[in-house]
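Beneath this line is the structure, given in structure tokens, with notes to follow.
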Amino acid sequence: MKGNKTNMKLSSQLSVSLLVFLIAVFLGSFLINIKLTQEYVHEQLATHAQDTATSLGLSITPYVSEDGGLPIAETMINAIFDRGYYQSILLSDLDGNQLVIRENPNKIDTVPEWFTDIIEVDPPVKETELSNGWNMAGYLAVKSHPGLANEKLWESIKQSAAMFSFAFAIAYVALFFIIRAITKPLSIVTTKISDIQRLEFSQIEYKPFTKELSFIVLAINKLSASVEAMFKELSEKAEQFKSIAFEDNVTGLMNRNAFKRHLNALLSSSAAGERGYLIIVRLAQLSHVNNMQGAAQGDEYLKRAVSVLQSLVSDYHDKANCFRVSGADFAICMEGIPQNECALRVEELAQKLSTVDMLKDGSKVVWVGGTEFTSGDSFSEVMEKADSALLASTRLDRCWQLASKLSYIQSNTEWRTRLNRIISHQHADIFLQPIINVETSSAIYHEGFARFKDVATNEYIPMSQLIPASERLNLIPKVDTLVTTLISRKLHGSNLSIAVNLSTASICDPEFTSWLSAFLNDNKEIGPQLVFEIEDDSLIHNKQSVIAFTNLVRSFKARITIEHFGANLASLTGLRAIHPDYVKISGNLTKDINESGDNQLFISSLVSIATSLQISVISELVESEEESSTLKNLKVINQQGYYHARPELWK
């Protein structure tokens, strides 16, 4: 089959070709040498026999023609024959009667029998007439013995074989090193090209002695330097716009990505161990203001609320930081204050924010929940405590609450029960949203969203609550197992390609990856239809696990997408390590992209980096024609969002 042909290296092709050529040359020369030697020996034996027949014939002729002279002739023949150089000497009269016959066996122990069978030496019989004057006395026939000739021929061939073998070995070794020297630059060049593809830039120090190859090495060095300069420029641009990825466009506060980095740093074991407080603020009227009074009033609502938040933060300088973590939610991280002071500050904050009343209809303006944390706590645990306090604040007239241990335990117990019911029920509604190639107007794949209903109420559970709870209770691998199974079942008989979102916890869980390997092995036919979407944060903190997971799913021809690309530039190193099929640019960067020149420049840099690695780029949360058109101009042709299609139930 054409697809199974293996390309041979140039050096190997030259080596094999020269080897065959050398073998042919040396074998031909060797055979010619044997043939010439054999002919020479044959001629020498014929001459030797003829000379002996002539000289011996002259010596014995007087005795053969005389009566009683035969014994003397025989004695003379024996004297010659006993020297051992003859196979036979025959004396006969004119009538052909044999008068004297002497013969030696045609064999010699110093020469292998197989050699005499292959290289046969058959000396000719040379005759001479015995005449005394005008009278014929008889005939003398002499045949030289081939044994000595075979022995000489055997020694000659052995010496020739040794000489030819030595010459062949020397010639081949010399040619081998010459070929290696000639092709070494090509090998170095191909290695350097592979290095450039992996964004590893260095110069080739080796200088070929072939002029043409020197030009190639020089060109590759120039290419490497050029690509390195381009990549450095792109990296510098990315660093220049790093703040864009961590800043909220509307309020100017740091965004959720910056919040996660900041809180994780405070919770890390390297932190000083000082107690702190996380306060979550939710603007209760924001969605109503946006719907009833418009986005402009909504932005004004946000700015007025942010001014109150910043006044609190400014009192603590570098001990307090404020973030916008979602549309209506803000987070404040405070360090090194006692609990009673935190309670006073939270109460004061709730009172001040309640004056930012945009609707004037008596509805609640704000809810505030807070919790204590210290180094060593997990991010999900702290967020759960804060969420529990925020939920409790919605039931209180004062609109604020600090988390208690009892409420946290009750929340965990309730969630564990709900999640176990969901997992045992083995059912979810799967919604699909396509990723559209705007140039071809076709879907490159669909992202699958699982929506679970509470078994008790039959209402959908918000994923923003279910996922954190699953991660906190170490049940997220089971949830991901269920979602993967449900989507795979529906893929059988379908020609769609579906993306499954997997959590970092599942990717790092040996039990989950072992199950997934066995599952994909049993369902190989749907492997090419599956796309696994992974958080870019995984590339920073769990790089080796992501690499291992990527190798696993690719062995079954599944594809990989990195989500929220650009939210954290530290993931670029991991991006080069795994070379995903797609990267999905964070929606925080694409939101209102048509109105942000800085974001456009930043995304352009990200697209250049991804394109240099031959990775397709996807934008998410595209909600308007202006956003779509701007992204297309930035060469982001794969887009996902409400502008193109809303998620629909997969029936």
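List, in the order given, every pair from K35/K126; K490/K632; K319/K352; K478/K635; K543/K651; K490/K591 whose Cα-Cα distance in the structure shown is over 27 Å. Result: K490/K632; K478/K635; K543/K651; K490/K591 exceed 27 Å.
Estimated at the nearest 10 Å², the accessible area of E414 is 120 Å² with a 1.4 Å probe.
With a/c under 1.5 counting as rounded, go ahead and sort segment 123-176 into rounded, prolate or oblate using the C-alpha gyration tensor (a ≥ b ≥ c being the square roots of the eigenvalues; past the cut-off, prolate if a/b is larger than b/c, else oblate). The shape class here is prolate.
The simple spin-label model puts a point 7 Å past each Cα toward its Cβ; for D357 and N97 those points are separated by 16.2 nm. The stretch between S624 and V125 holds 168.5 nm of extra length on full extension. This uses 0.36 nm per residue minus the Cα-Cα distance. If R0 is 51 Å, the Cβ-Cβ spacing of A161 and S226 corresponds to a FRET efficiency of close to 0.35. Near I534, the amide H atoms lying under 5 Å from its own belong to T561, I562, E563; only residues 5 or more places off or on other chains count, and H is placed 1.01 Å from N.
Model label points for E525 and K303, set 7 angstrom from Cα along the Cα-to-Cβ axis, are 6.0 nm apart.
Shape summary of segment 322-479, radius of gyration then Dmax from alpha carbon positions: 19.3, 61 Å. Figure note: I80, I157 ranked by solvent-accessible area, largest first, 1.4 Å probe, ligands and nucleic acids not counted: I80, I157. Against the criterion of solvent-accessible heavy-atom surface with a 1.4 angstrom probe, D480, D397 sort, most first, into D397, D480.
Calculate the length of the line joining the C-alpha centroid of segment 502-521 to that of segment 127-166, in whole Å. Segment 502-521 and segment 127-166 have Cα centres separated by 87 Å.
Placing M383, M163, M292, M76 in order of accessible area, with the largest value first and a 1.4 Å probe, yields M292, M163, M76, M383.
In this rough spin-label picture, where each label sits 7 Å from Cα along the Cβ direction, the L613-A577 distance is 1.1 nm.
Computing FRET efficiency as 1/(1 + (r/R0)^6) for K557 and M463, where r is the C-beta to C-beta distance and R0 is 35 Å, gives about 0.75.
Given a Förster distance of 56 angstrom, what is the FRET efficiency for E347 paired with E511, based on the Cβ-Cβ distance and rounded to 0.05? FRET efficiency, E347 to E511: 0.75. Of the beta bridges in segment 303-413, as assigned by DSSP with both residues counted there, near 60 percent are antiparallel. Per-residue 3J(HN,Hα) values for segment 511-524, derived from phi via the Karplus relation 6.51 cos²θ - 1.76 cosθ + 1.60 with θ = phi - 60°, read 5, 5, 5, 5, 4, 4, 4, 5, 5, 5, 5, 7, 10, 4 Hz in sequence order (x marks Gly and Pro). The slack between R421 and K632, meaning 0.36 nm per residue of separation minus the straight C-alpha distance, is 71.5 nm. Summing charges over all other residues whose Cβ lies under 12 Å from the Cβ of E471, with Lys and Arg as +1 and Asp and Glu as -1, gives -3.
Taking amide H atoms as placed 1.01 Å from N in the peptide plane, the amide H of A499 lies under 5 Å from those of H446, E447, G448, V531, each 5 or more residues away in sequence or on another chain. Taking a ≥ b ≥ c as the square roots of the Cα gyration tensor eigenvalues, with a/c under 1.5 meaning rounded and otherwise prolate when a/b beats b/c, else oblate, which class fits segment 439-584? Cα axes put segment 439-584 in the rounded bin. Amide H contacts of L253 (H built 1.01 Å from N, in plane; Pro and chain starts excluded): D248 sit under 5 Å, all sequence-distant by 5 or more or on other chains.
The values are calculated or read from the model by the stated rules, or taken from the named source; none is laboratory data. Because the structure is a prediction, the values reported are computed rather than measured. Counting neighbours? That spans all protein chains shown, and the Cβs are built from the backbone with ideal geometry, glycine included. Areas reflect the complete protein model, heavy atoms only, side chains present, ligands, DNA and RNA absent. Shrake-Rupley method; radii C 1.70, N 1.55, O 1.52, S 1.80 Å.
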